[in-house]
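The values are calculated or read from the model by the stated rules, or taken from the named source; none is laboratory data. Quick caveat, the model's predicted, so the values are computed rather than measured. A quick note on method: Cβ atoms are made from the backbone with ideal geometry, for glycine too, and the neighbour counts reach across all protein chains shown. When the accessible area is computed, the model is the full protein with side chains, heavy atoms only, and any ligands, DNA or RNA have been set aside. Shrake-Rupley method; radii C 1.70, N 1.55, O 1.52, S 1.80 Å.
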Amino acid sequence: MRVRIQSAEIRHFRNVSFGEIRFPCNFAPNIFSMKSDVLGIYGQNGSGKTTFIYVLEILKCLLSGAPLADKLNDCISKGFKEAELRFEFSVEDDENHRFRIIYSAHLGQEFLNESIKASVFQNSQWTRLNPILMSNSSDLKTIVVPDSRKKELFGKDSLVYDELRVTKILCAKEHRSFLFSEEIMELLCKGPQNTLWPHMFMALRHFGKTGLFVINNRSTGLISLDAVLPFNFRTKAALGSFALPLDQPIVLPADLFTIARQVIQTINVVLREIIPGMEISLPALGNEFTENGELGVRVQLVRTMPISENGEFLQLPLKYESEGIKKIISILHLFICAYNHSDITLAIDELDSGIYEYLLGELLQIMQRSGLGQLIFTSHNLRPLEMLNSSSIIFTTTNPENRYVRASNIKPSNNLRLRYFRDITLGSDGEELYQETNSIEIAHAMRKAGALGWDCGEEKS
């Protein structure tokens, strides 16, 4: 199965009044090609980079049927009652059914309205883009519209309609997607099998649960605090996440210990190439019962260092490594998965944090040249602007009504990094990319704030 996010639109979400991003695959002549799809987002602090990563977190929750819970707190722009997210997908499932899909979600603190339009590739051409299902969580009497689709997808059994109505009430109460809920998927499997649309719903839900991964700043914060090292993984037999303390042992259930060792073995294959001579290991320190009464394995994450030619080695807690190395280790397994599998989309906020810029550029260029999956990242390091195609770079603007733009009129011989600096310094023909700051005023503010802070510590007579 292959799923590509082709484009995304955001309205009234955080500091984005309106923003549209078209992914590089949207420009490709064959949207189902096996090539990778890399997109980097650059711009001034507070201009909407992390907002887009958070939007992808929301998308993952919606497609996997997970509750939004408090994820919408402070996300709807001030003065508005709802935010709108709109995504376009290309999908090819395991049975070679091809779809083009537009999924829209109107998000409020008390409601979630969804709609899906789609076309299917049949007889060597695309059908018209037609509404498939729409759901209004505030209207509990109407299950879905149009009514003809309800019969086409779920049959005519009134008991099934009762189940749909109960499901809609539960989804509204728990603030989760109705169209991609687990209950809907089960009813689709039981419904008439004379249409391709159930394949589409199941492919998107599968993508949300097993193909879309988002690494946000909260994970980086845990690393910075020297607390734990988080790992997300997807193997042939398992999917999930675990976190290992950096400075002390932990007891893992036996099955998770097996998975963790497999993940670390995979990481080491690449780690020793990008950081010469470095490997990590998870030695077993003995058996111990977990809190649930299961027999587990006591382990500690360490770096393994050879100290002689006789095979002797030294093990040191990973706590003493740099923040950049810890981040590389934490994200490397999913990076490897995205490189090798076309059905994975990986989004990473502040990918460059702590990573040497030359290595960053090399990794991204390798992904673009020979990878298979979809990679989305934000960064402040400008090295990738010299390594990636210009179609793979999006810039944020100072205009909340048009947050995301591409550089125009870029020739293959142009240096996008120098062009970006020029547009910041001299201004661009289109949207403003940087809200100008004054170094003299900043220096004056520093001096003024310093004097204020100094006076605060003195007692006044």
Subject >> segment 408-438 versus segment 339-382: alpha-carbon centroid distance in Å >> reply: 23
Subject >> Surrounding net charge for PRO412, when Lys and Arg each add one and Asp and Glu each subtract one, Cβ distance under 13 Å >> reply: +1
Original post:
Given the protein chains as shown and a 1.4 Å probe, how many square angstrom of GLU273 are accessible, to the nearest 10?
Top reply: 130
**OP:** For LYS141, LYS168, LYS35, LYS319, write out the residues from largest to smallest accessible area, computed with a 1.4 angstrom probe and no ligands counted.
**Re:** LYS141, LYS35, LYS319, LYS168
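Sort the following peptides by mean Cβ neighbour count (other Cβ atoms within 10 Å, averaged over residues), highest first: 38-48, 190-200. It would help to have the intermediate numbers written out before the result.
On the way: 38-48: 20.6, 190-200: 15.7.
Per-residue mean Cβ counts within 10 Å order the peptides as 38-48, 190-200.
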**OP:** Report the normalised scattering of segment 41-159 as log10 I(q)/I(0) at q = 0.12, 0.16, 0.18, 0.22 Å⁻¹, calculated by the Debye formula with identical scatterers on the alpha carbons.
**Re:** -0.59, -0.96, -1.12, -1.35
**OP:** Please give the per residue volume of the convex hull enclosing the alpha carbon atoms of segment 258-317, rounded to a whole number of Å³.
**Re:** 98
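On a full-extension model of 0.36 nm per residue, what is the gain between GLU436 and ASN123, subtracting their alpha-carbon distance, rounded to one decimal in nm? Please list the in-between numbers first.
Values: separation 313, 0.36 × 313 = 112.68 nm, distance 5.46 nm.
Between GLU436 and ASN123, full extension yields 107.2 nm more.
For SER281, what is the net charge nearby, where nearby means another residue's Cβ is under 14 Å from its Cβ and Lys, Arg count +1, Asp, Glu -1? Don't skip to the end; give the middle numbers.
Values: positive: ARG261, ARG272, ARG303; negative: GLU279, GLU321.
Neighbour charge sum, excluding SER281 itself: +1.
Given 37 °C and 0.692 mPa s, compute D for segment 327-461 with the Stokes-Einstein relation, Rh being the Kirkwood radius over Cα pairs; round to the nearest whole µm²/s.
Details: Rh = 18.0 Å.
Rounded to a whole number, D works out at 183 µm²/s.
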Original post:
Whole-Hz Karplus ³J(HN,Hα) for segment 99-104, in order, using 6.51 cos²θ - 1.76 cosθ + 1.60 and θ = phi - 60°, x for Gly and Pro?
Top reply: 9, 10, 10, 10, 10, 10
Original post:
Can you work out the FRET efficiency for the pair ASN389 and LYS236, with r the C-beta to C-beta distance and R0 = 41 Å, to the nearest 0.05?
Top reply: 0.80
Original post:
Order of 383-389, 403-409 by packing, highest average Cβ count within 10 Å first?
Top reply: 383-389, 403-409
Subject >> Size of charge dipole - segment 288-365 - debye, nearest 20, with Cβ of Lys, Arg +1 and Asp, Glu -1, no other charges >> reply: 160
Original post:
Which three lengths, in whole Å and largest first, does the chain cover when its Cα atoms are put on their principal axes?
Top reply: 73, 63, 62
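For the chain, what's the relative contact order in percent, using C-alpha pairs closer than 8 Å and at least 6 residues apart? Numbers along the way, then the final one.
Numbers: 844 pairs, mean separation 86.9, N = 461.
Across the chain, relative contact order equals 19 percent.
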Original post:
What percentage of all Cα-Cα pairs in segment 304-375 are separated by more than 17 Å?
Top reply: 54
**OP:** Sort LEU159, LEU187, LEU222 from largest to smallest accessible area, using a 1.4 Å probe on the heavy atoms of the protein chains.
**Re:** LEU159, LEU222, LEU187
Subject >> Gyration tensor verdict on segment 158-271 (Cα atoms; rounded if a/c is under 1.5, prolate if a/b is larger than b/c, oblate otherwise) >> reply: prolate
Original post:
So what is log10(I(q)/I(0)) for segment 89-181 at q = 0.21 1/Å, when the Debye sum runs over its Cα atoms only?
Top reply: -1.08
Original post:
With every protein chain present, what is the per residue accessible area of the chain (1.4 Å probe, Å²)?
Top reply: 50
Original post:
On the accessible surface of the chain, probed at 1.4 Å, how many percent belong to carbon and sulfur atoms?
Top reply: 51
Original post:
For VAL145 and ASN409, what does the FRET efficiency come to when R0 = 51 Å and r is the distance between their Cβ atoms, rounded to the nearest 0.05?
Top reply: 0.70
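Can you figure out the FRET efficiency of SER370 with ALA451, using R₀ = 51 Å and their beta-carbon distance, to the nearest 0.05?
On the way: r = 57 Å, r/R0 = 1.11.
Between SER370 and ALA451 the formula returns 0.35.
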Original post:
How much accessible surface area, in Å² rounded to 10, belongs to the heavy atoms of PHE335 with a 1.4 Å probe?
Top reply: 20
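Please list LEU244, LEU426, LEU285 in order of solvent-accessible area, largest first, computed with a 1.4 Å probe with all protein chains present. Intermediate values should be presented prior to the final figure.
Numbers: LEU244 0, LEU426 135, LEU285 100 Å².
Accessible-area ranking of LEU244, LEU426, LEU285, largest first: LEU426, LEU285, LEU244.
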Original post:
Relative contact order (percent) for segment 298-391, with alpha-carbon contacts under 8 angstrom and 6 or more residues of separation?
Top reply: 25
Subject >> Enclosed volume per residue, in Å³, of the convex hull spanned by Cα atoms of segment 232-291 >> reply: 105
